[in-house]
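A.B. asks: Quick one: this structure, given as structure tokens, is what I'll be asking you about.
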């Protein structure tokens, strides 16, 4: 199978590329710079140079592939609404290229704000709350309603592993800067987690399916209390662990207090997917997370 992957040099996308190639698939990946193109080419993948704004290029690359995995997203949260709109346009362009065929499109989203007060499942559908502008899954659903074989992979808020540059390193950097490893309120809001390589395997298993479900959950740890994450970071850095208000976290405040627990029971059953990587708390307790 020939798969076109956006975000092919990113944290998740690069692991997806490696997983696909190891399983015997051929890969074309999107890269936005010479340096990233060289890294991607070294994996054995073909390279398309461009960005998510190059819609004609996306259509052409998707049109020549047997399937598409969209992992790219600009995580500059100071421009979150603009980046969400860019993401939606890219998904629509990819879908246009696949319309009228049976070729699959996997779109990446998350479990943030999926439900409140309980563990989210694959059957839940995202809200249209305008305060959270990301519409990746809604764009995939709209394509599916038009006959495109589109589905969503919902990632855990922490896709962890050595080399991580996501939310956990953000919390570590913030703790170092402010001298305290903090949580919001009682810290019992939960975060789901998944190891990066387990997530990559899930993408590969999903795109190999003849029939796609609307959504799959890349979730290993169903719900880790945020306070427990702060406690590991505090112990590692030798800092106090204390409750703070959301303003303490700056731009990260809306995420720090969210309850983002999710189950992957249906995904595991459908794809025969069993996470094998370390759990979130043990993984972030490694020296490598702290530059040791």
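A.B. asks: Can you tell me the 0 to 90 degree angle between the C-alpha axis of helix 167-178 and the longest principal axis of the chain, rounded to 10?
C.D. replies: For 167-178 against the chain, the angle is about 30 degrees.
A.B. asks: Using only Cα atoms and rounding to the nearest 10 degrees, what angle (0 to 90) does helix 196-207 make with the longest principal axis of the chain?
C.D. replies: Helix 196-207 and the main axis of the chain meet at about 30 degrees.
A.B. asks: Normalising by the residue count of the stretch 113-233, find the relative contact order in percent from Cα pairs under 8 Å and 6+ residues apart.
C.D. replies: Result for the stretch 113-233 is 30 percent.
A.B. asks: 7 Å from Cα along Cα→Cβ at both residue 186 and residue 210: what's the point-to-point distance in nm?
C.D. replies: Taking the simple label geometry, residue 186 and residue 210 are separated by 5.0 nm.
A.B. asks: Which of the peptides 148-160, 94-106 is most tightly packed, and how do the rest follow, judged by the mean count of other Cβ atoms within 10 Å per residue?
C.D. replies: 148-160, 94-106
A.B. asks: Here's something else I'd like to know. Is it possible to state the helix-based mean residue ellipticity at 222 nm for the chain, with each DSSP H run of 4+ residues giving -39500 (n - 2.57), the sum divided by total residues, to the nearest 500 deg cm²/dmol? What is it?
C.D. replies: Result for the chain, helices only: -11000 deg cm²/dmol.
A.B. asks: Now for a separate question. To check my understanding: the extent here is largest minus smallest coordinate of the Cα atoms along each principal axis. What are those three numbers for the stretch 214-292, in Å, largest first?
C.D. replies: Here the spans come out as 43, 29, 17 Å, largest first.
A.B. asks: Give me P(r) over the stretch 45-100, computed from all C-alpha to C-alpha distances, binned every 5 Å, as integer percentages.
C.D. replies: All Cα pairs, binned at 5 Å, distribute as 4, 19, 30, 23, 14, 8, 2, 0 percent.
A.B. asks: Can you give the relative contact order of the stretch 69-183 as a percent, counting alpha carbon pairs under 8 Å and 6+ residues apart?
C.D. replies: Relative contact order of the stretch 69-183: 28 percent.
A.B. asks: Work out the FRET efficiency for residue 127 and residue 281 from their Cβ-Cβ distance, taking R0 = 22 Å, and round it to the nearest 0.05.
C.D. replies: It comes to 0.15.
A.B. asks: To the nearest Å, what is the center-to-center distance of the stretch 118-144 and the stretch 194-228, using C-alpha atoms only?
C.D. replies: Each part's Cα centre sits 16 Å from the other's.
A.B. asks: Along the principal axes of its C-alpha atoms, what lengths does the chain span, in descending order and rounded to whole Å?
C.D. replies: The principal-axis extents, from largest down, are 56, 38, 37 Å.
A.B. asks: Moving on. With labels modelled as points extended 7 Å from the Cα through the Cβ direction, what inter-label distance (nm, one decimal) is found for residue 252 paired with residue 74?
C.D. replies: Going from the residue 252 label point to the residue 74 one covers 2.3 nm.
A.B. asks: Exposure proxy check: 43, 6, 26 ranked by fewest other beta carbons within 10 Å?
C.D. replies: Ranking 43, 6, 26 by Cβ neighbours within 10 Å, fewest first, gives 26, 43, 6.
A.B. asks: Is the shape of the stretch 179-262 rounded, prolate or oblate, going by the alpha carbon gyration tensor and its root eigenvalues a ≥ b ≥ c, with a/c under 1.5 for rounded and a/b larger than b/c for prolate?
C.D. replies: prolate
A.B. asks: In degrees, nearest 10, range 0 to 90: what is the angle between the Cα axis of helix 226-237 and the longest Cα principal axis of the chain?
C.D. replies: Around 70 degrees separate the two axes.
A.B. asks: To make sure I understand, if each residue's beta carbon is the centre and we count other beta carbons within 10 Å, what order do 251, 11, 273, 191 fall in, fewest to most?
C.D. replies: Sorted ascending by nearby Cβ count, the order is 251, 11, 273, 191.
A.B. asks: Also: So how many Å³ per residue does the convex hull of the Cα atoms of the stretch 57-170 work out to?
C.D. replies: So the per-residue Cα hull volume is 130 Å³.
FYI, it's all coordinate maths here, none of it is from the lab. These numbers were taken from a predicted model, which means no experiment stands behind them. Counting neighbours? That spans all protein chains shown, and the Cβs are built from the backbone with ideal geometry, glycine included.
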